[in-house]
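Comments concern the structure below.
Values quoted throughout were computed directly from the atomic coordinates according to the rules given, and no laboratory measurement underlies them. None of these values were measured; they are calculated from a predicted model. Neighbour counts are summed over all protein chains in view; Cβ atoms, including those assigned to glycine, are modelled from backbone coordinates with ideal geometry.
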Amino acid sequence: MNVFLKSIFLITVTFTTAVSSAADKKNLTNIPVSNVLDQSVQYTDQKLSLELFSYEEYVYSQSRKAEIGDQIELTSRFRYQISEQAWMSLGFRTDPSSDRFDNKTSDFELRSGYNFGSLIAQVDLSFNTNDPDGGISIGFDLDSENTFLRYMINDNFQFTFFPLNFDGEVGVEFKTGDVTRIYYVDGTPNNITINPDPDDPAERIASKTIPGFELRYARVKDSKNIKAVYIGLGAASYEYPNDPGFDITQTSTGNTWARREAFGYKIGGIFRTPRAFSSLQFVGHTKDNETGALLANAASVYSLFDIGSKFISEVEVTASEGGSQPYRINRRTQWFDESNPITRQTSQRIYKSNDGDLQNWVGKWGSAASLKLGIKRKGYTPYFSYKFQDENFVFSSRTSAHTLRTNNLGESHGGLHRIGFGAYIYNNNFIINPRFEHLKASNNVFSDNAIITDFDPVAVLKNTDFNFFINVSYFYGKRTGPRTFRL
């Protein structure tokens, strides 16, 4: 498999570098993607502008009660158009799911780009305002897909090099996060301890996203008539004990270490007409058994389309395959999550139940489906939604099979039905989306007095829940397609 991937990788690079430069096609650089908050537009007619703003959070749920202020996800970016060819922006984002302590949930980003004609470059930098030595440091956002070098081969082909992350996420409603994110024990210690010294850099968990190349073919008639297909390949190195038969769940010694390599791959397509937007995505990588990856592969099919003049519908089917040895990392992503005395043993470094059995989703495919049906009104679109997740479906959400579990972590929700209603309210460049959902699981996984990730063996759980959620977004230009519910 590795030889095959390496061969394709070399053929792709050789082919694209051998093709001569052609005309500049600016509209190719901004083909819609699944996450409308990811990519900057290439040019604006204002020197200084608010490029985007997004605020979202769970306001209230039956299991967690009032949540407003607890889980705010905020993204904003101010943009300065230096010239027709050059731009820069200052962004801010906060995500309390990563690390709520010591106000380390927020970071600033500085993004800059330049159009050299057939060559377009963009850099995404991150400010660290929590430097342990004091002061502020700045450097590459090491898991950003928004640092790239893009070469416009001709009117239809473009070739992009992503030095940090070749965008290994799929899904819109069921976003997987970076499928190609890998983990490894950094520092090559001789003994992988249960409770390492937090100040010892020789024992910590490192993570990285796979960088790589993407070759894209597109036919762009205008902003509402686009056909595009793409293929991407990448590779990343990691450190792993070279001892024969080493298993992170059975041994803690690594006498010798080696640098190994994992390969990532993706393929997909985007299709846009005046009355529909559709996308196909598949992402995967090798060596999930040695890199502690949460997912090994994922695929998604998404479509937003008009039904006559009064109705609009959104359909998505997404599937993911759990990694074969997914590391259970603590919230600060520093070390294995061994804070629970019941599970504080070597065998629990991957996702297992309190009894030591693998969780049901590990190494298996799971799937989910979503349907929204809306009635188009002037200035707003109310809608009804239905979502189903099977017992093995893992993605980036609190309802994932790896986070929503029974008391002893032995079973997931067992199959989750979510029925809801909401509305998209449009006001100039603002989109406001409040929604209500009722959730029913096959197993008892919801509590009235505990956070989902706090597993109390004696807690009384139930199989129903409800929540109220709101999102407010602003875009410099009128956005359509995924996460806007309009065409």
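Ranking 402, 417 by Cβ neighbours within 10 Å, fewest first, what do you get?
Placing the least packed residue first, the sequence is 417, 402.
Karplus-derived 3J(HN,Hα) values for the stretch 480-487, using 6.51 cos²θ - 1.76 cosθ + 1.60 with θ = phi - 60°, are 10, x, x, 6, 10, 6, 8, 10 Hz; glycine and proline are entered as x. Close amide-amide hydrogen proximity is noted between residue 392 and 367, each under 5 Å apart and 5 or more residues distant or on a separate chain (H modeled in the peptide plane; Pro and chain starts excluded). Phi-derived couplings, Karplus 6.51 cos²θ - 1.76 cosθ + 1.60 at θ = phi - 60°, listed residue by residue for the stretch 45-61: 8, 10, 5, 10, 8, 7, 6, 7, 8, 9, 10, 8, 6, 7, 8, 7, 9 Hz, with x used for Gly and Pro. A simple spin-label model places the labels of residue 114 and residue 289 4.7 nm from each other, with each point 7 Å out along Cα-to-Cβ.
With both labels modelled 7 Å from their Cα along Cα-to-Cβ, the residue 333 to residue 66 distance reads 3.2 nm.
Counting every other Cβ atom within 10 Å of each residue's Cβ, 361, 87 order from fewest to most as 87, 361. Taking the number of Cβ atoms within 10 Å of each Cβ as an exposure proxy, the fewest-first ranking of 116, 475 is 116, 475. Here the extension length gained between residue 419 and residue 48 equals 129.4 nm, from 0.36 nm per residue of separation less the Cα-Cα distance.
Most tightly packed first, judged by the mean number of other beta-carbon atoms within 10 Å of their residues, the peptides 209-222, 281-294 read 281-294, 209-222. Ranked by the mean number of other Cβ atoms within 10 Å of their residues, highest first, the peptides 388-401, 242-255 come out as 388-401, 242-255.
For a straight C-alpha distance cut-off of 22 angstrom, the lysines reachable from residue 440 (same-chain residues fewer than eight places away being disregarded) are 65, 175, 372, 387, 462. What FRET efficiency, computed as 1/(1 + (r/R0)^6) with R0 = 41 Å and r the Cβ-Cβ distance, is obtained for residue 282 and residue 354, rounded to the nearest 0.05? According to the calculation, E is roughly 0.75.
Taking 7 Å steps out from each Cα toward its Cβ at residue 125 and residue 249 produces label points 4.5 nm apart. Each residue of the stretch 183-190 is assigned a 3J(HN,Hα), and the resulting list reads 10, 7, 6, 8, x, 6, x, 6 Hz, derived from the Karplus form 6.51 cos²θ - 1.76 cosθ + 1.60 (θ = phi - 60°), x at Gly and Pro.
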